[in-house]
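A.B. asks: This structure is in structure tokens; I'll ask about it shortly.
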Amino acid sequence: MGYVNHDLDDQNSNQGVVLQNGKEILFQAFNWESHKHNWWRTLERKVPDIAKSGFTTAWLPPATNSFAPEGYLPQDLYSLNSSYGSEHMLKALLYKMKQHRVRPMADIVINHRIGTTQGHGGRYNRYDGIPISWDERAVTSCTGGLGNRSTGDNFNGVPNIDHTQTFVRKDIIKWLQWLCYDVGFQDFRFDFARGYAPKFAKEYIQEAKPIFSVGEYWDSCSYNGCGLEYNQDSHRQRIINWIDNTGGLSTAFDFTTKGILQEAVRGELWRLRDAQGKPPGVMGWWASRAVTFLDNHDTGSTQAHWPFPSSHVMEGYAYLLTHPGIPSVFYDHFCDWGESIHDEIVKLMSIRKSNGIHSRSSIKIAEAQPNLYSAFIGEKVCMKIGDGTWCPAGKEWTLATCGHQYAVWQK
């Protein structure tokens, strides 16, 4: 595919600065069960550790009123009382994060919205009696409204918002600005980004000016009768196209890397080098816009739609946290899997930081065999995963850390 590396043309703005320095490390600060555990207060206690470990931003679950406790069926967007806690508790958490210089990332769920009253066709597609009281024109015609057809994929069973309507976009922008300037969120995560055209995400970022944005563009990898195909270029190209059409203002979760890496660690590490000798995910094509991760509240947690093999999680983090791209760490692995895993992740993060590895660091893959992958990242770090034996030649290399089937060296 005629893919051009865009990493040379970042805009010069607040958003641009963060994308340019490439030093972000994300923390997903919840899982699918978090709403049951007085979450804002629980997280508040963890902020010092999150900050000390080196995370720059923490993605919080949807903070607004929702029809479902997890937050992904929003209704009254201006109500900040949710199953995660009260508005007062949320504000206390955000204040604590500000003190510790960890940016709060809001989960922006604007593909769909649950109606309050029945309208056209007897469907709940009106929003009477709450702020942003839209009528049926705000809902796409494909999901029972009187708006235009969707500009993306449908999220089935609920009214999908018609972003082509000027009045809809105006209200969404006002709400996003309120989240940033009044509530105190600094970063955005766009839920179900496949659901509406990326040009709308671009407009929302331009108008609300979050410091950092990431989109969830999740569709299926390429599989054949024998499992995952080696070449996932069409999969990563679709994610790249989404990023491109936000004007490069947003990053995106690197679902391609996740899909490949979780097969690779099962004795197929040859998958981690593409035909051009580069990393095979979005990371290999547009690293400064690729947010790499092992699991999230959908793929892992109690939903486990597409989980990373648990016995290989540290190999996974040894790959993500030494490589280009913007790594993200999942709550469960960091907080629930015991002190040893927590400390191993923190150690890898500190090696990344002290050696100046960033989203655009150079990478030279040395080995990609079934049971061994090794690579040199930047000038000062190299690593291996798998049960094959490997170490760098030369006395200047010292072992920085190692664990089950992984090792990292530094100069």
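A.B. asks: Might you tell me the accessible area per residue for the stretch 198-265, computed with a 1.4 Å probe and given in Å²?
C.D. replies: Working: 2150 Å² over 68 residues.
Per residue, the stretch 198-265 has 32 Å² of solvent-accessible surface.
A.B. asks: Further question on the same structure: Between Arg236, Arg273, Arg123, find the one with the highest GNM mean-square fluctuation for the chain; connect C-alpha pairs within less than 10 Å.
C.D. replies: Among Arg236, Arg273, Arg123, the largest GNM mean-square fluctuation belongs to Arg123.
A.B. asks: So, one more: Over the stretch 24-95, with the other protein chains present, what is the accessible area per residue in square angstrom, probe 1.4 angstrom? List each step's numbers first, then the result.
C.D. replies: Details: 2630 Å² over 72 residues.
With all protein chains present, the stretch 24-95 gives 37 Å² per residue.
A.B. asks: Once you keep just the Cα pairs under 8 angstrom separated by 6 or more residues, what percentage relative contact order results for the chain?
C.D. replies: 14
A.B. asks: So, one more: Please compute the net charge surrounding Asp295, taking Lys and Arg as +1 and Asp and Glu as -1 over other residues with Cβ under 9 Å from its Cβ.
C.D. replies: Details: positive: Lys258; negative: Asp298, Asp332.
That works out to -1.
A.B. asks: Relative contact order (percent) for the stretch 1-153, with alpha-carbon contacts under 8 angstrom and 6 or more residues of separation? Don't skip to the end; give the middle numbers.
C.D. replies: Working: 240 pairs, mean separation 25.5, N = 153.
So the answer I get is 17 percent.
A.B. asks: Sort Ser86, Ser311, Ser34 from largest to smallest accessible area, using a 1.4 Å probe on the heavy atoms of the protein chains. Don't jump to the answer; show the numbers that get you there.
C.D. replies: Details: Ser86 35, Ser311 80, Ser34 0 Å².
Output order, biggest surface exposure first: Ser311, Ser86, Ser34.
A.B. asks: Using alpha carbon coordinates only, what is the Rg to Rh ratio of the stretch 25-92, with Rh defined as the Kirkwood radius? Can you show the working numbers first?
C.D. replies: Working: Rg = 12.1 Å, Rh = 12.3 Å.
The Rg/Rh ratio comes out at 0.98.
A.B. asks: Setting aside same-chain residues fewer than 8 positions from Lys278, which lysines have a Cα under 30 Å from its Cα?
C.D. replies: Lys23, Lys199, Lys202, Lys258, Lys347, Lys353, Lys364, Lys380, Lys384, Lys395, Lys411
A.B. asks: In what order, largest first, do His305, His163 sit by accessible area if the probe radius is 1.4 Å? Write down the numbers at each step before the final one.
C.D. replies: Details: His305 120, His163 5 Å².
Sorted by accessible area, descending: His305, His163.
A.B. asks: From the list [x] 26; [y] 17; [z] 11, can you say which value of percent of Cα pairs over 39 Å apart was derived from the structure given?
C.D. replies: This structure yields the entry labelled [y].
A.B. asks: Additional query: When Lys and Arg each count +1 and Asp and Glu each count -1, what net charge do the other residues less than 13 Å away from Gly388, Cβ to Cβ, add up to?
C.D. replies: Values: positive: Lys384; negative: Glu268, Glu315, Glu367, Asp387.
Its environment carries a net charge of -3.
A.B. asks: In nm, what is the difference between 0.36 nm times the number of residues separating Asn241 and Trp390 and their Cα-Cα distance? Don't skip to the answer; put the middle values down first.
C.D. replies: On the way: separation 149, 0.36 × 149 = 53.64 nm, distance 3.71 nm.
Taking 0.36 nm per residue and subtracting the Cα distance, the gain is 49.9 nm.
A.B. asks: Now for a different question. Rounded to whole Å and sorted largest first, list the principal axis extents of the Cα atoms in the stretch 279-411.
C.D. replies: Taking max minus min along each principal axis of the Cα atoms, the stretch 279-411 gives 46, 31, 30 Å.
A.B. asks: In debye, nearest 20: dipole of the chain around its Cα centre with unit charges on the Cβ of K, R (+) and D, E (-)?
C.D. replies: Numbers: 41 positive and 43 negative charges, 170 e Å.
The dipole of the chain has a size of about 820 debye.
A.B. asks: Excluding residues fewer than 8 places away in the same chain, name every one of the aspartates and glutamates whose C-alpha is closer than 15 Å to that of Lys98.
C.D. replies: Cross-link targets: Glu44, Asp49, Asp182, Asp187.
A.B. asks: Quote the accessible area belonging to Phe330 in square angstrom, nearest 10, computed with a 1.4 Å probe and with ligands, DNA and RNA left uncounted.
C.D. replies: Approximately 0 Å² of Phe330 is accessible to the 1.4 Å probe.
A.B. asks: Scan the chain and report its longest stretch carrying no GluC sites (Glu not before Pro) that are both in a DSSP loop and have at most 11 other Cβ atoms within 10 Å. Show your work: numbers first, answer last.
C.D. replies: Working: sites that count: Glu379, Glu396.
Of all site-free stretches, the longest is 1-378.
The values are calculated or read from the model by the stated rules, or taken from the named source; none is laboratory data. As the structure is a computational prediction, the values presented were derived from the model and not from experiment. Because the Cβ atoms are built from the backbone with ideal geometry, glycine has one as well, and the counts that use them run over all protein chains shown. Each accessible area value is taken on the protein alone, full model and side chains, heavy atoms only, with ligands, DNA and RNA left out. Shrake-Rupley method; radii C 1.70, N 1.55, O 1.52, S 1.80 Å.
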